[in-house]
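The values are calculated or read from the model by the stated rules, or taken from the named source; none is laboratory data. Nothing here was measured: the structure is a model prediction, and the numbers come from that model. Here the Cβ is made from the backbone with ideal geometry for all residues, glycine too, and neighbour counts use every protein chain on show.
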Amino acid sequence: MKLEGVHHVTAITADAPRNVEFYAGLLGLRLVKKTVNQDDPTVYHLFYGDEQGDPGLDLTFFEYPGVAPGRTGAGMVHRIVWRVASPEAIDFWATRLGAESVESRREDDRLRFSDPEGLEHELRFDTSGDDPLIADHVEVPREFALQGFDGVRAYSDDPDRSTSLLEDALGFERRDEGWESRGERRGSFYVYDEAPEARGLQGAGSVHHVAWASSMEDHERWRERVIRGGARPTPVIDRFYFRSIYFREPSGVLFEIATIGPGFAADEDPEHLGERLSLPPNFEHLRDRVEKTLTPVPDTRQWRPAKVRTGE
């Protein structure tokens, strides 16, 4: 029984329109689901991904308008690492980001930059052999597109205390820098860096949690293993698009184990993912109220290639 790497990463934004402009407009991801935070349905939950919204390239944001900026510290993911296909892709992104006045730092086959709210990203040449997960974008050639998560980096003031849960319960394997979660089809790394002295604060530009991918059949068994490993997971929660359990690993990072499926086409035509506000059946009665409170966001169809927009 193995987890299939990172399922999704969820962060916080104070400005949904700017968030959409950056991730769908500049980074070329597809907005695959525009819905609400099921624990607080007065706010957005935006999902960016590849063409199908596959686990492995699924970056999501809760929008809390006007929330103060966050600060990363111990027990928090501080960097999201993405795959690209080649050094030429790194060149492309350095140029594209620079043209939009986004400062980046090049280190050999890596490129680091932050979004407008300070969330840190790194692009890295992919050597995993996993299938690329790609979104179509009118300004981003497919050979240069982001190809999915390579992993995440977190801060810890005592990473050794997490070893037993990661290795024994979750099946992560030791690698040079940290751990790898690898299943039959995909894998992702999880690495600790020394925590800064300042205490972390959740807010805009900070990661809320990282989710790891499980098959539907194994999901309950993962919960049992997490309990045996000493953590305290929630009951299984049906999020309609996937099922979830949540728990904090010993270093303090909030983990989720999410199922691969049912998927984002459960309530939308795959060709029109993310074009309208989607509400799971249990939340549909709130539509009139939430549509009046949610911030209007840009129409992402402007960044879709014509043949994709028209289905030709």
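Overview of results
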| read-out | value |
| --- | --- |
| Pro270 vs. criteria surrounded by fewer than 19 Cβ atoms within 10 Å (Cβ to Cβ) and of a type outside the set (A, V, I, L, M) | yes |
| Cross-chain or 6+ apart pairs with Cβ under 9 Å, segment 98-111 first and touching a residue at least 40 places away in the same chain (Cβ under 8 Å), then of a type outside the set (Gly, Ala, Ser) and surrounded by 10 or more Cβ atoms within 10 Å (Cβ to Cβ) | Glu100/Phe22; Glu100/Leu26; Val102/Phe22; Val102/Leu26; Val102/Arg96; Val102/Phe113; Val102/Asp115; Val102/Pro116 |
| Selected residue (criterion: nearest to Pro17 (Cα to Cα)) from residues of segment 272-312 that are touching a helix residue (DSSP H, G or I) at 6+ places or on another chain (Cβ under 6 Å) and at pLDDT below 90 | Thr295 |
| Residue that is surrounded by the fewest Cβ atoms within 10 Å (Cβ to Cβ) [pool: residues in segment 183-230 that are without any contact (Cβ under 8 Å) to a residue 24 or more places away in the chain and of a type outside the set (A, V, I, L, M)] | Glu197 |
| The lone exception for Pro41 - which of (1) touching a strand residue (DSSP E or B) at 6+ places or on another chain (Cβ under 8 Å); (2) at pLDDT below 95 it fails | (1) |
| Tally, over segment 56-86, of residues that are closer than 21 Å to Leu133 by Cα, out of contact with any Gly (no Cβ under 8 Å at 6 or more places or on another chain) and either of a type in the set (S, T, N, Q) or surrounded by 19 or more Cβ atoms within 10 Å (Cβ to Cβ) (or both) | 6 |
| Residue list for segment 94-144, restricted to those being among the polar types (S, T, N, Q) and under 18 Å from Gly187 (Cβ atoms) | Thr127, Ser128 |
| Close pairs (9 angstrom Cβ cut-off, 6 or more residues apart or separate chains): surrounded by fewer than 20 Cβ atoms within 10 Å (Cβ to Cβ) and charged (D, E, K, R) in segment 2-23, assigned to a strand (DSSP E or B) and at pLDDT below 95 anywhere | none |
| Scan of segment 131-152 for residues that are buried (at least 19 other Cβ atoms within 10 Å of the Cβ) and either modelled with pLDDT under 95 or among the charged types (D, E, K, R) (or both), ordered by number | Asp150 |
| Subset of segment 132-148 that is in a loop (DSSP other than H, G, I, E, B) and of a type in the set (Val, Ile, Thr) - its residue that is nearest to Leu26 (Cα to Cα) | Val138 |
| Failed item in (1) assigned to a strand (DSSP E or B); (2) closer than 20 Å to Gly205 by Cβ; (3) not β-branched (Val, Ile, Thr), with Pro41 passing the rest | (2) |
| Criterion (under 25 Å from Phe172 (Cα atoms), surrounded by fewer than 19 Cβ atoms within 10 Å (Cβ to Cβ), at pLDDT 95 or above and among the hydrophobic types (A, V, I, L, M, F, W, C)) met by exactly one of Ile245, Ile237 | Ile237 |
| Test result for Arg124, buried (at least 17 other Cβ atoms within 10 Å of the Cβ), closer than 28 Å to Gly203 by Cβ and basic (Lys, Arg) | yes |
| Matching residues in segment 153-172 - criterion: being surrounded by 15 or more Cβ atoms within 10 Å (Cβ to Cβ) and acidic (Asp, Glu) | Asp157 |
